[in-house]
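Structure, as structure tokens:
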Amino acid sequence: MNSPFRTKTVEQSIRDTEEPEHALRRSLSAWDLTVFGVGVIIGTGIFVLTGIAARNNAGPATALAFVAAGIVCALAALCYAEFASTVPVAGSAYTFSFASLGEVPAWIIGWDLVLEFALGTAVVAVGWSGYVRNLMHTNLGWDMPVALTGREEGGTFDLLAFLLVLALTAILVLGTKLSARITAIVVAIKVTVVLLVIVAGLFFIKADNYSPFIPPATPQAEGGGGWNAPLIQELFGYAPTNFGVMGIFTAASLVFFAFIGFDVVATAAEETRNPQRDMPRGIIGSLFICTILYVAVTVVVTGMQHYTQMSASAPLAEAFKSVGQPFFAGAISLGASVGLITVCMILLLGQTRVFFAMSRDGLLPRFFSVTHPKYRTPYRATILLGVFIAVLAGFISLGELAELVNIGTLFAFVVVALGVIILRRARPELHRAFRTPWVPVIPILSIAASFWLMLNLPTETWVRFGIWMAIGFVVYSFYGVWHSRVGRESQVSPGVALSEPGTPPEPPAPGA
């Protein structure tokens, strides 16, 4: 039956990875995946959001907000780990959705991830450009021409952001292993900076700064209704509070976005030497490491400087300046600028793998699923997306559009958790190297927690997200539905390459 909810079997997904012209090189280890995860998670979040959350939402208890956000991500990570080890194919949540929910849901989540990773890459590139310009001004006394500084600073073209994305595009074309080596070097620098903050900051902690650890609750400012109000406020009249116990969860909805990126690890499943063993280790390991570092940094920084005085733009650097240590402040700024390179590169990697997987399935032109004969990378998709995102980062002021990255990630979390429940029922006999514990409890908790955070996003973000999804339905209706490989195969040999969600598979032949 040519149903829009036809699924692509796990076996068919794996067979597609064996086509020579569309195959990726398996070169990554569990260590490489963990480095990728740490490299993309530790970014602007820890260097910026710590100060904003402490000053405006939770005070010293921001450390508990990081714990709460880490738990939400851990629930999603357990679901991702099961899928990535069971369906070790490029595409992450898109591929998982195709195997469990069907083609239309898979298209929706794939279209969502294209937006998430594209905007994420551009936003980080613009942020990196700002850090570098600031370092050049502070340390060298040299300023770029205003016209080349981007629209945020009154310019017209952000040259540094444009060049960074092009350079990373070239690296990704040359091979995933090369990008993994570069990432390992940059991650070492970034983690060193974070450890420097923790160790050096211990000597400047003042116990009085922790009092009160959980400041008294205060209502959020009035007048935030309309497009800028959280959707939950518009729907139910509930307005989140600052400080107090509930302020911790308000802060968690903010600092959650410091964890965005661990799901990108799943997009490299097809390029992993032993995905059944290494994918769960890479996903869960990178998340665990980053949560520990986040909590430690927050405890130290809020102990160095009272939360009411923390900087909203550079809290770590300003905390060291407040205790008379400008050297450490400079080192932190340098580490932040270097560290953002890996965030940008890994987001671009995730973007190209999702696009590649959708192309290989025929939902986007198959031209882009051909891999390089020497480097075995999806070079056509990488070049196309790299140039597009470079132009995006160079010319467009993204601003509030960055919030679409957040809603896109949370939406992916919901779909993956739902997919785990469905595939457990549809294919109970499927070999799972890693099994999410307590199914369906863990996936349901993941769905509920992710959806709660989505409700705390502005109404305007939901509207923009809806518009992007509507555009996606138009593209699918005029192209994807007519070129789908699964759809064509189902017309030729019904039941061979697809199954309906919740329908048990055909029993294996005797002796199979």
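The values are calculated or read from the model by the stated rules, or taken from the named source; none is laboratory data. Worth saying up front: this structure is predicted, and the values here are computed from it rather than measured. With ideal geometry, Cβ positions are generated from the backbone for all residues, glycine too; neighbour counts draw on all protein chains shown.
General remarks:
- Residue within the stretch 458-477 that is loosely packed, with under 14 Cβ neighbours inside 10 Å and modelled with pLDDT under 70 present: no
- The set of residues in the stretch 416-427 that are touching a residue at least 60 places away in the same chain (Cβ under 8 Å) and surrounded by fewer than 24 Cβ atoms within 10 Å (Cβ to Cβ) comprises Leu418, Ile422, Arg425, Ala426, Arg427.
- Screening the candidates Gly91, Gly70 for the property of being in a helix (DSSP H, G or I) and more than 20 Å from Arg425 (Cα to Cα) yields one hit, Gly70.
- All told, Pro458 meets the bar of being in contact (Cβ under 8 Å) with a residue 60 or more places away in the chain and touching a strand residue (DSSP E or B) at 6+ places or on another chain (Cβ under 7 Å).
- Gly261 vs. criteria buried (at least 20 other Cβ atoms within 10 Å of the Cβ) and within 30 Å of Gly330 (Cα to Cα): yes
- Test for Leu287: is it in contact with a Phe, Trp or Tyr (Cβ under 6 Å, 6 or more places away or on another chain), at pLDDT 90 or above and on the phi < 0 side of the Ramachandran plot: yes
- Any hit, the stretch 194-213, residues being under 26 Å from Gly466 (Cβ atoms) and touching a residue at least 24 places away in the same chain (Cβ under 8 Å): no
- Of all the criteria given as (1) modelled with pLDDT of 90 or more; (2) among the aliphatic types (A, V, I, L, M); (3) assigned to a helix (DSSP H, G or I), the one not satisfied by Val439 is (3).
- All positions within the stretch 306-330 that are crowded, with 24+ Cβ neighbours inside 10 Å and either over 26 Å from the mean Cα position of the chain (by Cα) or at pLDDT 90 or above (or both): Tyr307, Met310, Ala319, Phe320
- For the criterion of being basic (Lys, Arg), assigned to a helix (DSSP H, G or I) and touching a residue at least 24 places away in the same chain (Cβ under 8 Å), Arg353 passes.
- Of all residues in the stretch 289-348, exactly one satisfies the criterion of being in contact with a helix residue (DSSP H, G or I) (Cβ under 6 Å, 6 or more places away or on another chain) and without any contact (Cβ under 8 Å) to a residue 12 or more places away in the chain, namely Lys321.
- Criterion applied to Ala336, Ala329, Ala319 was being part of a helix (DSSP H, G or I), touching a Lys or Arg at 6+ places or on another chain (Cβ under 6 Å) and not β-branched (Val, Ile, Thr), and the one residue passing it is Ala329.
- When the stretch 186-201 is filtered for residues that are over 14 Å from Gly43 (Cα atoms), in contact with a helix residue (DSSP H, G or I) (Cβ under 7 Å, 6 or more places away or on another chain) and surrounded by fewer than 23 Cβ atoms within 10 Å (Cβ to Cβ), the ones remaining, listed by number, are Leu196, Ile198, Ala200.
- Condition met for Met358 (farther than 28 Å from Leu24 by Cβ, at pLDDT 85 or above and hydrophobic (A, V, I, L, M, F, W, C)): no
- Residue within the stretch 373-381 that is assigned to a helix (DSSP H, G or I), closer than 27 Å to Thr34 by Cβ and touching a residue at least 24 places away in the same chain (Cβ under 8 Å) present: yes
- Qualifying positions in the stretch 107-148 - in a helix (DSSP H, G or I), farther than 17 Å from Ala390 by Cα and either among the basic types (Lys, Arg) or free of Cβ contacts under 8 Å to residues at least 24 places away in the same chain (or both): Arg133, Met136, His137, Leu140, Val146
- The one condition in (1) closer than 24 Å to Ala470 by Cβ; (2) at pLDDT 90 or above that Ala68 fails to fulfil: (1)
- Taken over the stretch 251-287, the criterion of being among the hydroxyl-bearing types (Ser, Thr, Tyr) and part of a helix (DSSP H, G or I) is satisfied by Ser253, Thr267, Ser286.
- Members of the stretch 44-86 found to be farther than 26 Å from Ala331 by Cβ and among the aromatic types (Phe, Trp, Tyr), listed by number: Tyr80, Phe83
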